[in-house]
Amino acid sequence: METVAPFKEVIDEIKAAGGEIFRLCYQCGKCDSVCPWNRVRTFSMRKIIREATFGLTEIDGEDIWRCTTCGNCVQHCPRGVNQIEIGVSLHRVASEYEVFPASVRSARTARASIISEGNPLQGERKKRAEWAEGLPVKQFAEGMEILYFVGCYFSYDPRMKKVAVATANILNKAGIDFGILGSLENCCGESIRKTGSEELFKRLARENIKTFIENGVKKILVSSPHCYHTFKNEYPEFMVDFEVIHITQYLSELINDGRLEITKAYEKKVTYHDPCYLGRHNDIYEEPRNVLKKIPGLELTEMADSRRDALCCGGGGGRIWMDTPMEERFSDIRLVQANEVGAQVLATSCPYCITNFEESRLNLEYDEVLEIKDITEIIQEVI
C-alpha cells in the first residue's frame with residue numbers, strides 16, 4: 001500500500017487564497033446532489049474539496065474550473081462550507097502558475113481584453129457608449145439623480161445592447177435625471193475575480209471607485225446581477241458604501257410610486273428565470289415577479305426549479321467565456337422547462353442568462369416556440 005503525504009505547499013497556497021474553509025467539510029456529498037453539473041455529466045465538488053484538504057488538487061485539470069458559482073451547494077451545505085471560496089482559491093493558484101486547460105484558455109483572452117480595454121469582449125474603450133448614439137443619454141454629472149452603470153455586455157454585445165437601449169428609454173419615460181460614464185466605465189470585475197485574477201479585480205475596483213468618487217456618484221443603477229453583487233457586497237472591502245439598485249428593483253419602485261405608467265397589455269404567457277446572482281446570492285425574488293404581475297394581459301407561470309432552487313444558466317464563475325460542449329449546457333434544460341409549462345416568453349434580467357438562452361434557443365430550434373426577453377424589453381413595449 002502506498003502512503004500519500006500531503007503536499008503542504010499546495011495546502012498553504014489554497015489557504016492563502018482563501019480556501020481554508022475546506023476543513024469544515026465532513027464529506028456528506030450534499031453539494032454533489034444539488035450541483036447542476038450532475039444533470040449533464042458526472043462531477044464531484046465533494047472530491048475537489050477532499051483533494052484540497054490533502055493538497056492533492058490537479059490544478060491542470062478541467063474540474064476545478066467547472067463551478068459556475070451558482071451558490072446552490074453553499075445554501076444546502078449542513079456544515080457551512082463555502083464551496084465557491086474553495087473553487088476561487090484553486091483558480092488563483094492555477095492562475096498564478098498560468099496553468100489553464102484548453103477549454104479555459106478563452107478566459108485568458110477575456111482577461112487580456114479587460115487589462116487593455118476595460119471589458120472582456122475585446123471592444124474598444126472609446127466605443128463603450130456607442131449603444132446610446134441617437135438617444136437622449138447624457139454623460140453623468142454630479143447632482144444627477146442616478147448613475148446608470150451599463151456594464152460590459154450591455155455596452156458591446158449586439159443582443160444585449162437592446163437591453164441597454166430599453167433601459168434608457170424607460171428611464172427617460174419616467175423622467176429620471178440619469179447619466180452614464182461612457183469610456184470612463186470599467187468592467188466591475190466580478191467574473192474575472194472568480195477566475196482567479198485577484199490583483200486585476202482589485203485594480204478594476206479601485207479605478208471604478210475613484211471614478212465614482214470623482215464624479216460625485218451616490219446611487220448606482222445596474223442591469224447586471226453580477227455588477228450588483230460586486231458593488232453591493234465586494235466593493236465595501238475597499239471601505240466604500242454606494243447605494244446600489246438593480247433595474248428590477250428600480251422598475252418595481254417606479255411603478256409603485258406612479259413615476260412609470262403601464263399603458264398597454266402584453267397578451268402572452270411568461271415564465272421568469274431567477275439569475276443566480278440576483279436570487280440565491282442576493283435574495284431578490286419578488287421585485288421581478290411583481291413588475292411582471294403589474295402588466296395587463298400577462299400570464300405569469302413558474303417553471304420547475306424556481307426561486308432559491310432555480311437552475312443556473314451555466315454562465316457564472318467566468319464560464320460565460322469558457323467552452324462548454326452542447327450536450328453539457330444547463331441552459332438547454334432551462335428552455336425545455338420553460339416550454340413544458342407552455343411559456344411563450346422566457347423572461348430574466350441577466351446578460352449571461354440571456355446570452356446562454358439565446359444560444360440554446362438556436363441549438364434546440366426553439367425559434368418559433370420561445371422568445372427570450374429581459375424584463376426591461378417587456379416593459380418598454382407596454383409603456
*Round to the nearest 10 and give me the degree value, 0 to 90, for the angle of helix 198-214's Cα axis relative to the longest principal axis of the chain.*
30
*Over all alpha-carbon pairs of segment 176-252, lay out the pair-distance distribution in 10 Å bins, whole %, shortest bin first.*
18, 55, 25, 2
*asked:* Can you give me the % of accessible surface on the chain that is carbon or sulfur? Probe 1.4 Å, all protein chains present, nothing else counted.
replied: 47
*What does the convex hull of the Cα atoms of the chain come to per residue, in Å³, rounded to a whole number?*
139
_Principal axis dimensions, largest first and in whole angstrom, of segment 21-166 by Cα_ = 57, 32, 32
*For segment 156-162, 3J(HN,Hα) per residue [Karplus equation, 6.51 cos²θ - 1.76 cosθ + 1.60, θ = phi - 60°, Hz, x = Gly/Pro]*: 10, 6, x, 5, 6, 4, 4
_Sequence-distant lysines (8 or more away, or on other chains) whose Cα lies within less than 17 Å of LYS161_ = LYS126, LYS127, LYS138, LYS373
*For segment 79-129, state which GluC sites (Glu not before Pro) are in a DSSP loop and have at most 11 other beta carbons lying within 10 Å of their beta carbon.*
GLU98
*Which shape class, rounded, prolate or oblate, goes with segment 310-363 when its Cα gyration tensor gives a ≥ b ≥ c as root eigenvalues, a/c under 1.5 marks rounded, and past that a/b bigger than b/c marks prolate?*
prolate
*Per residue of the chain, what 222 nm ellipticity follows from adding -39500 (n - 2.57) for every DSSP H run with n ≥ 4, rounded to the nearest 500?*
-11500 deg cm²/dmol
*Write down, largest first, the equivalent ellipsoid semi-axes of segment 69-144 in whole Å, where each equals the square root of 5 times an eigenvalue of the alpha-carbon gyration tensor.*
35, 21, 11
*How large is ³J(HN,Hα), in whole Hz, for each residue of segment 67-84 in order, when computed from phi with the Karplus curve 6.51 cos²θ - 1.76 cosθ + 1.60 and θ = phi - 60°, using x for Gly and Pro?*
4, 8, 6, 5, x, 5, 5, 4, 6, 9, 5, x, 10, x, 6, 9, 4, 5
*If eta is 0.692 mPa s and T is 37 °C, what Stokes-Einstein diffusion coefficient results for segment 95-201, Kirkwood Rh from Cα pairs, in µm²/s?*
219
*At 25 °C and 0.890 mPa s, what whole-number value in µm²/s does Stokes-Einstein give for the translational diffusion of segment 256-357, with Rh from the Kirkwood sum over Cα pairs?*
169
_Probe 1.4 Å, protein heavy atoms only - accessible area per residue of segment 286-383 in square angstrom_ = 37
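The values are calculated or read from the model by the stated rules, or taken from the named source; none is laboratory data. Computed from a predicted structure; not experimentally measured. When we count neighbours, we look across all protein chains shown, and the Cβ atoms used for this are built from the backbone with ideal geometry, even at glycine. Each accessible area value is taken on the protein alone, full model and side chains, heavy atoms only, with ligands, DNA and RNA left out. Shrake-Rupley method; radii C 1.70, N 1.55, O 1.52, S 1.80 Å.
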